[in-house]
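The values are calculated or read from the model by the stated rules, or taken from the named source; none is laboratory data. Note that the structure is predicted; figures quoted are calculated from it, not measured. Cβ placement follows ideal geometry from the backbone for every residue including glycine, while neighbour counts extend to all protein chains displayed.
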Amino acid sequence: MALKGDPHVLIVAGSDSSGGAGIARDIEAVSAVGLRTCLAVTAVTVQMHHSVDHIEYIAPDLVAAQMRAALVSNTIAAIKVGMLGMMGTVEAVASVLLEHPSVPVVLDPVLASSSGRLLLAQEAIDTMKTDLMPLCRLVTPNLPELAILAGTPQAKDEGEAVNQGRLLLNAGSQGVLIKGGHSSGPNSTDILLCPSENQIRFDALRLAGEMRGTGCMLASAIAAHLALGEPLEDCVRSAKRYVFDRYRQLA
Ligand code: PLP
């Protein structure tokens, strides 16, 4: 059994029966950094790689209870939040995070699966923006998520994406990592925006093929590096390298 003092990353996310995304990927990414995980499950999904067949949401008070139990049982050095599903879950997670303001939180604002199934209720998007995002050290939208969160059409170029990211900072986010995986070109470029700091670009070669779970792994790896007390820029760089190497191995 782990001693209470070992740093853990608390993962608040959904399961994916196919193993392509969700909690399985989160645990893999945190373990690769050498840290332990504990869990608050938000939803159980029945998925194959190209379809989401069923979603069973966990009641919001049960999600909050899992988080509180994990926080009492272990030293939680960072929290990763992924799929939330329901408005009540967004509110419940925000209320627990408010009780632990010193723990850094990385939010992957999961809105839909690659196959198009909604993974967050439409009416919960505003609550995520107003109640949850300001509590997070970093929010990691891809380009379609960024556009929805900013309330604008999808960015046609990098300048537009940065403007959308700044809208989220103005709305109270502490940091936004814009993931460029859904753009085109030989490189996949992510851009880190923080209030009153210059933007930082992270370039990686775009890997061929269809990849699931990259968003889950990236956010969890960033949370694990934050748990080790590293500066945010270094956390993002290390996490990107991890996701790139992992997928090159799998390809
Ligand atoms: N299922 C779960 C439980 C997830 O957390 C996510 C993304 O975070 C997805 C599915 C979507 O993954 P993908 O875009 O690879 O389909």
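Structural remarks
- Residues that are more than 18 Å from S114 (Cα to Cα), over 19 Å from the mean Cα position of the chain (by Cα) and not basic (K, R), drawn from the range 35-69: E56, A59, D61, L62, A65, A69
- If the condition is being out of contact with any strand residue (DSSP E or B) (no Cβ under 8 Å at 6 or more places or on another chain) and surrounded by fewer than 20 Cβ atoms within 10 Å (Cβ to Cβ), then the range 40-68 contributes M48, H49, H50, S51, A59, D61, L62, A65, R68.
- With respect to (1) basic (K, R); (2) more than 18 Å from E91 (Cβ to Cβ); (3) surrounded by 15 or more Cβ atoms within 10 Å (Cβ to Cβ), the lone exception for K129 is condition (2).
- Only residues that are touching a helix residue (DSSP H, G or I) at 6+ places or on another chain (Cβ under 9 Å), over 21 Å from I27 (Cβ atoms) and within 16 Å of the ligand (Cβ to nearest atom) were counted across the range 78-118, and they come to 4.
- Taken over the range 77-90, residues that are surrounded by fewer than 24 Cβ atoms within 10 Å (Cβ to Cβ) and either aliphatic (A, V, I, L, M) or more than 17 Å from the chain's Cα centre (by Cα) (or both) amount to 4.
- Among the residues making up the range 119-137, those that are within 16 Å of the ligand (Cβ to nearest atom) and touching a Leu at 6+ places or on another chain (Cβ under 6 Å) are L120, C136.
- Residue within the range 150-159 that is crowded, with 17+ Cβ neighbours inside 10 Å and among the β-branched types (V, I, T) present: no
- Selection status of M83, hydrophobic (A, V, I, L, M, F, W, C) and modelled with pLDDT under 95: no
- When the residues of the range 1-22 are filtered to those that are surrounded by 24 or more Cβ atoms within 10 Å (Cβ to Cβ) and near the ligand (Cβ under 8 Å from one of its atoms), the one that is nearest to A70 (Cα to Cα) is A13.
- Here the condition is being of a type in the set (S, T, Y) and within 13 Å of the ligand (Cβ to nearest atom); of T75, T45, it holds for T45 alone.
- Restricting attention to the range 24-39, the residues being surrounded by fewer than 24 Cβ atoms within 10 Å (Cβ to Cβ) and within 15 Å of the ligand (Cβ to nearest atom) number 5.
- Breaking point among (1) modelled with pLDDT of 95 or more; (2) surrounded by fewer than 24 Cβ atoms within 10 Å (Cβ to Cβ), for R117: (1)
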